[in-house]
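Structure, as structure tokens:
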Amino acid sequence: MPYQRLLNKEKKPSSEEIIKTIGKRCTLWLDIHKYIEENYDFTSELVFWTKKYGWTIRYKKGSRTFGYFFPEKEAFSVLIVLGRKEVEKVDITKLNTKVKLIFKTTEQLHDGRWLWIRVLKKSDVESVKEFLLAKRKFKKKEKK
């Protein structure tokens, strides 16, 4: 059964609608977004990607995209594209079994390794964080 995503281009979903769609896994959604906002200096935007994938939260800095987060019924999926150098930075020992299999079996293309991860549990979120860390170091903390 295909994932039930927010596919109506004419109706931009609110934050509340996104949370309602994700349902009981919304704490995982909130956790990963809080992590990104606290540790990186990327801007987020809600965009309609395609009619197949629907609405997504895209994080980017300038023209460089950090990742895409697709809300779905009772879950969400993350798309992270890792270049060759970024792939080498991934600490595979910190990935859960499911995400490790995705990482190992996803082909490295000329434009990167397109990793699609459906987030269903906390260890999926922790694995996604490892990919984010490989993509970009944390922002510098301001001194007080």
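Checked against the criteria, residue 11 counts as in a loop (DSSP other than H, G, I, E, B) and without any contact (Cβ under 8 Å) to a residue 60 or more places away in the chain. Whether a residue is at pLDDT 95 or above, farther than 13 Å from residue 67 by Cα and either open to solvent by 70 Å² or more (accessible area, probe 1.4 Å) or in contact with a Cys (Cβ under 8 Å, 6 or more places away or on another chain) (or both) was assessed, and residue 101 passes this test.
Among the criteria (1) among the β-branched types (Val, Ile, Thr); (2) modelled with pLDDT under 95; (3) open to solvent by less than 20 Å² (accessible area, probe 1.4 Å), the one residue 117 does not fulfil is (2). Of everything listed in (1) at pLDDT 95 or above; (2) open to solvent by 80 Å² or more (accessible area, probe 1.4 Å), the single unmet condition for residue 84 is (1). Restricting attention to the range 1-22 and to residues that are within 16 Å of the chain's Cα centre (by Cα) and of a type outside the set (A, V, I, L, M, F, W, C), the residue that is nearest to residue 47 (Cα to Cα) turns out to be 5. Among the residues of the range 82-95, is there at least one that is more than 24 Å from residue 9 (Cβ to Cβ), small (Gly, Ala, Ser) and free of Cβ contacts under 8 Å to residues at least 24 places away in the same chain? Taking every residue of the range 82-95 in turn, none turns out to be more than 24 Å from residue 9 (Cβ to Cβ), small (Gly, Ala, Ser) and free of Cβ contacts under 8 Å to residues at least 24 places away in the same chain. Residue pairs whose Cβ atoms lie under 6 Å apart, sitting 6 or more positions apart in sequence or on different chains, and linking a residue in the range 107-129 that is on the phi < 0 side of the Ramachandran plot to a partner that is of a type in the set (Asp, Glu) and outside any loop (DSSP other than H, G, I, E, B), are 125/31. Collect the residues in the range 57-70 that are surrounded by 17 or more Cβ atoms within 10 Å (Cβ to Cβ) and over 19 Å from residue 127 (Cβ atoms), keeping them in residue-number order. Of everything in the range 57-70, just one residue is surrounded by 17 or more Cβ atoms within 10 Å (Cβ to Cβ) and over 19 Å from residue 127 (Cβ atoms), namely 58.
The values are calculated or read from the model by the stated rules, or taken from the named source; none is laboratory data. The structure displayed is predicted, hence computed values, not measured ones. Backbone-built Cβ (ideal geometry, glycine too); neighbour counts: all protein chains shown. To get the accessible areas, we keep the full protein, side chains included, count just its heavy atoms, and leave off ligands, DNA and RNA. Shrake-Rupley method; radii C 1.70, N 1.55, O 1.52, S 1.80 Å.
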